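**Q** Got a structure for you, questions after.
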Amino acid sequence: MAESKKLIQIDVSSDTVCPWCFVGKKNLDKAIDASKDQYNFEIRWHPFFLDASAPKEGVNKKEFFRQKFGSRCEGMFTRMSEIFRGIGLEYDTTGLTGNTLDSHRLIHYTGKQAPDKQHELVEELCLGYFTQGKFIGDREFLVETAKKLGIEGAEGFFSDSNNGVTEVKEELEKYSRNISGVPHYTINGKVKLSGAQPPETFQSAFEAASA
């Protein structure tokens, strides 16, 4: 009889406007792909706010980062463009940025309604925001993304602006209270990693966590 695969549970704290979180996800996916003969994976996404005071209505992305980082802004965009090319994507600096609460509400909702689609939802939201100039706070974009993946009921969920807010705050407190930056990964509750690690580092962490 074939030996049953060990389960690797990964808790990820991230923000949907954090480019390193998306790069980290792409590297994590590579590591999972290379290790799927050995392990079964369960990935759960948890909220973090890089800027909880970011405006809800959305502001010009370039303008927002210029105000925040000043003259370093252009260099940062150039660097991210190079990093994104390395994972086969074009980094888009157009469009709006702003508050990410609604995206975290949707990620939480998906985790409850269709947990097997949560990881894919994060992928689609990041692709939209980082490569297609979509605004992460645009309810229409969020609902369309959910529909595209067959996640039911997102529109109704957003019709009450209180839905999911308490749960997002609770998750923030539980998973992200003691971390200062994202992405942050906890593997099988014991191995912790920070930053957009290369695939090999994730693979070593899987081994350590399943030992």
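**Q** Need the C-alpha centroid separation for the stretch 1-64 versus the stretch 149-176, integer Å.
**A** Spelled out, the Cα-based centre of one part sits 17 Å from the other.
**Q** Can you give the accessible area of L101, probe radius 1.4 Å, in Å² rounded to 10?
**A** 40
**Q** Determine, from the Cβ-Cβ distance of D116 and K68 and an R0 of 41 Å, the FRET efficiency 1/(1 + (r/R0)^6), rounded to the nearest 0.05.
**A** Efficiency at R0 = 41 Å is approximately 0.70.
**Q** Assuming a ≥ b ≥ c are the square roots of the Cα gyration tensor eigenvalues, decide whether the stretch 11-100 counts as rounded (a/c under 1.5), prolate (otherwise, with a/b larger than b/c) or oblate.
**A** It is oblate, given that a/c is not under 1.5 and a/b is not larger than b/c.
**Q** Something else: Per residue, how much accessible area does the chain show when a 1.4 Å probe rolls over the protein heavy atoms, in square angstrom?
**A** 51
**Q** Which percent of the accessible heavy-atom area of the chain goes to carbon and sulfur, probe 1.4 angstrom?
**A** Accessible surface attributable to carbon and sulfur in the chain totals 48 percent.
**Q** Amide H to amide H, which residues 5 or more places from G58 or on other chains are under 5 Å from it, using H placed in the peptide plane?
**A** HN-HN under 5 Å from G58: N99.
**Q** If you rank Y175, Y129 by how much accessible surface each has, with a 1.4 Å probe, what is the order from largest down?
**A** Y175, Y129
**Q** Sort F84, F141 by heavy-atom solvent-accessible area, probe 1.4 angstrom, most to least.
**A** F141, F84
**Q** I've got another one for you. Need one number for the stretch 1-160: average projected area of the convex hull over its C-alpha atoms, nm².
**A** Averaged projected area of the stretch 1-160's Cα convex hull equals 10.3 nm².
**Q** Quick one: of K36/K134; K30/K112; K169/K190; K62/K112; K61/K147, which pairs are farther than 28 Å apart, Cα to Cα?
**A** Distance filter (> 28 Å) returns K36/K134; K62/K112.
**Q** Counting only residues 5 or more places away or on other chains, whose amide H sits under 5 Å from the amide H of K134 once H atoms are built in the peptide plane?
**A** Amide H neighbours of K134: Y129.
**Q** Amide H of I8: which non-local residues (sequence gap of 5 or more, or other chain) have their own amide H closer than 5 Å, using H built in the peptide plane?
**A** N40, F41, E42
**Q** Spit out the partnerless Cys residues in the chain, using Cβ distances under 4.7 Å as the pairing rule.
**A** C73, C126, each lacking another Cys Cβ under 4.7 Å.
**Q** Now, a different point. Can you tell me the 0 to 90 degree angle between the C-alpha axis of helix 165-176 and the longest principal axis of the chain, rounded to 10?
**A** So the helix axis and the longest Cα principal axis differ by about 50 degrees.
**Q** While we're looking at this one, here's another question. For the stretch 63-80, what does the Karplus curve 6.51 cos²θ - 1.76 cosθ + 1.60, with θ = phi - 60°, yield as ³J(HN,Hα) per residue in whole Hz, taken in order and with x for Gly and Pro?
**A** 4, 4, 6, 5, 5, 7, 10, x, 5, 6, 4, 4, x, 5, 4, 4, 4, 5
**Q** Of the listed peptides 44-50, 90-96, what is their order by residue-averaged count of other C-beta atoms within 10 Å, with the highest listed first?
**A** Taking the mean over residues of other Cβ atoms within 10 Å, the ranking is 44-50, 90-96.
**Q** Quote the FRET efficiency, to the nearest 0.05, computed for A208 versus D51 with a Förster distance R0 of 41 Å and r equal to the Cβ-Cβ distance.
**A** After rounding, the FRET efficiency stands at 0.80.
**Q** Could you give the angle, 0 to 90 degrees to the nearest 10, between helix 139-148's Cα long axis and the longest principal axis of the Cα atoms of the chain?
**A** In the chain, helix 139-148 runs at an angle near 30 degrees to the longest axis.
**Q** Still on this structure, please answer the following. In terms of solvent-accessible area of protein heavy atoms at a 1.4 angstrom probe, what is the ranking of E140, E167, E155, highest value first?
**A** So, going from the largest accessible area down, we get E140, E155, E167.
The values are calculated or read from the model by the stated rules, or taken from the named source; none is laboratory data. All values reported here derive from a predicted model rather than from experimental measurement. Quick reminder, even Gly has a Cβ in these numbers, built from the backbone with ideal geometry, and neighbours come from all protein chains shown. What goes into the accessible areas is simple: the full protein's heavy atoms, side chains included, and nothing from ligands, DNA or RNA. Shrake-Rupley method; radii C 1.70, N 1.55, O 1.52, S 1.80 Å.
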